[in-house]
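Colleague: Can you keep this structure in mind? I'll have questions shortly.
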Amino acid sequence: MNGKDVVMAFPEEGIGARVFPRDLSQFLNRYYGEKDVEVLPGHTLTDLQRRDGLFLLNLRDAKTSAERTIEVDGVVAGIGIAPETGLAEDAGLPVENGIIVDECLRTSHPDIYAAGDVANFYNPALAAHIRVEHEDNALTMGKHAGRNMAGESIPYHHLPYFYSDLFELGYEAVGQIDSQSESLVDWTDPYRKGVIYYLRDGRVRGVLLWNVWERVQAARELIAEPGPFAPEGLEGRL
Ligand SMILES: Cc1cc2nc3c(=O)[nH]c(=O)nc-3n(C[C@H](O)[C@H](O)[C@H](O)COP(=O)(O)OP(=O)(O)OC[C@H]3O[C@@H](n4cnc5c(N)ncnc54)[C@H](O)[C@@H]3O)c2cc1C
């Protein structure tokens, strides 16, 4: 979109393969290709050198083990984060995939709270401890922790959503979005507009709203419903 030549390399078979169903992820490879991005699925970065103001990237094809080197002006590395829990550990607070907090976002010490990317909290709708690295959670949870620190005792039951844009496509997602889960794909327009429901043990655990807007709250309510749901029964639900 800024007139640059872009190469996108990643180890999975398709863009977003861990979260999107396989055919959607394969569609995205083609879609990015149409936008003049050179997409290299199944490629791992094995080396990165700086030379004369440029970067030399060494990439290995997982299937053939063939290596290639490409020369680029800049690198954007999307490689995830590790929560910075050193301070909490030094203070003797329980840490396990983030800083563990109770319903009111308090750690094991009554005067220490944690919120945002670093906090591991319990969500009743998913009946699971989760840690979420997204803006909606950071903003909502931060305010919530602040209110509790100022004397309230309100449990944090918010089920966060996250969003992204992919050229003209955009999505909002709620709950646990995992391509390994059972799913029902309900397209209005294939790969352009639709809803994907992710199920586990007869319950809806996550909803991907693909170019479908203003359904986040309805998706949260569906996830909170005990069910049981069969995938077919969810068609047209949101
Ligand atoms: C490239 C990128 C793209 C993103 N895109 C999206 C998106 O499209 N949609 C979305 O929903 N979310 C997105 N996110 C995630 C979102 O930005 C984060 O979830 C959010 O910023 C987390 O807020 P936070 O306050 O929990 O943590 P942070 O913003 O990481 O703030 C933590 C702060 O604590 C400081 N700190 C750490 N240790 C100490 C210490 N010992 N003492 C003092 N200070 C300390 C850090 O320096 C930092 O300033 C993106 C993140 C990145 C990096």
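Colleague: Taking 8 Å as the Cα distance limit and 6 or more residues as the minimum spacing, I'd like the relative contact order of region 96-175 as a percentage.
Modeller: 26
Colleague: A further question follows. For every other residue with a beta carbon closer than 15 angstrom to the beta carbon of Glu71, add +1 if it is Lys or Arg and -1 if Asp or Glu, then tell me the sum. Don't skip to the end; give the middle numbers.
Modeller: On the way: positive: Lys4, Arg50, Arg51, Arg68; negative: Asp5, Glu38, Asp47, Asp52, Glu67, Asp73.
Local net charge: -2.
Colleague: Could you please report the charge total around Leu126, scoring K, R as +1 and D, E as -1 over all other residues with beta-carbon less than 11 angstrom from its beta-carbon? Numbers along the way, then the final one.
Modeller: Numbers: positive: Arg200, Arg203, Arg205, Arg220; negative: none.
With Lys, Arg at +1 and Asp, Glu at -1, the neighbours total +4.
Colleague: If you average the alpha carbon positions of region 1-49 and of region 161-193, how far apart do those two centres end up, in angstrom?
Modeller: With region 1-49 and region 161-193 each reduced to a Cα centre, they are spaced 17 Å.
Colleague: Counting Lys and Arg as +1 and Asp and Glu as -1, what is the net charge of the other residues whose Cβ lies under 11 Å from the Cβ of Val37? Mind showing how you got there, number by number?
Modeller: Working: positive: Lys4, Arg30, Lys35; negative: Asp5, Glu34, Asp36, Glu38.
For residues surrounding Val37, the net value is -1.
Colleague: Would you mind getting the Kirkwood hydrodynamic radius of region 161-234 from its Cα pairs, rounded to one decimal in Å?
Modeller: Kirkwood hydrodynamic radius for region 161-234: 12.3 Å.
Colleague: Largest first and in whole Å, what are the equivalent-ellipsoid semi-axes of region 86-149 based on the Cα gyration tensor, each being the root of 5 times an eigenvalue? Write down the numbers at each step before the final one.
Modeller: Numbers: eigenvalues 58, 36, 26 Å².
Largest first, region 86-149 gives 17, 13, 11 Å.
Colleague: May I ask for the longest run of the chain untouched by trypsin sites (Lys or Arg not before Pro) that are loop-located per DSSP and have at most 10 neighbouring C-beta atoms (other than their own) within 10 Å?
Modeller: Numbers: sites that count: Lys4, Lys63.
Result, exposed sites excluded: 64-238.
Colleague: Work out the length of the dipole vector of region 161-234 about its Cα centre, built from +1 on the beta-carbon of each Lys and Arg and -1 on the beta-carbon of each Asp and Glu, and round it to the nearest 20 debye. Display every interim value, and only then the final one.
Modeller: Details: 7 positive and 12 negative charges, 21 e Å.
Roughly 100 debye for region 161-234.
Colleague: Debye sum, Cα scatterers, the chain, no solvent: what log₁₀ I/I(0) at q = 0.09, 0.12, 0.18 1/Å?
Modeller: After summing over all Cα pairs, the log10 values are -0.51, -0.85, -1.27.
Quick note: the coordinates plus some simple rules give every number you see, no bench work behind them. Source: prediction; values computed, not measured. Don't worry about glycine lacking a Cβ; one is built from the backbone with ideal geometry, like all the others, and counts go over all protein chains shown.
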